[in-house]
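A.B. asks: One structure, as structure tokens, below. Some questions next.
Every read-out reported here was derived from the displayed coordinates using simple, explicitly stated rules and does not represent laboratory data. All values derive from a computational prediction rather than experimental measurement. Cβ placement follows ideal geometry from the backbone for every residue including glycine, while neighbour counts extend to all protein chains displayed.
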Amino acid sequence: MNKLLTILLLITLVGCKTVPVTVAPPFPDAPETLRASCPDLVPVSDDTTKLSDALQVISKNYNQYYECKIKVDNWIEWYTMQKDIQDKIGKIK
């Protein structure tokens, strides 16, 4: 009886052995301002005869481009920072 009880106890203890499970937190969602797509550039109208009108459209397009470039640069910076944090958390566990 003692041997049977010992064997059952050993089986139970072996079955209860803990296996470390790494649970990484989910990757965070990007801020809404970084997820919005950039607006389309405005083409210069074919019937534009004044250079000043064309330059206004070109100027607006340059502004839009640089605003979008800043947003994309911010997106890359945010993503890289979050990825580094996620990788460090993964290495700790």
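A.B. asks: State which residue pairs qualify: first residue farther than 30 Å from K83 by Cα and inside segment 25-47, second residue surrounded by 10 or more Cβ atoms within 10 Å (Cβ to Cβ) and of a type outside the set (V, I, T) in any location, beta carbons under 7 Å apart, and separation of 6 or more residues or different chains.
C.D. replies: L41/N61; L41/Q64; V42/K60; V42/N61; V44/A54
A.B. asks: Please specify each residue of segment 35-57 satisfying the condition of being loosely packed, with under 10 Cβ neighbours inside 10 Å, in a helix (DSSP H, G or I) and polar (S, T, N, Q).
C.D. replies: S52, the sole residue that qualifies.
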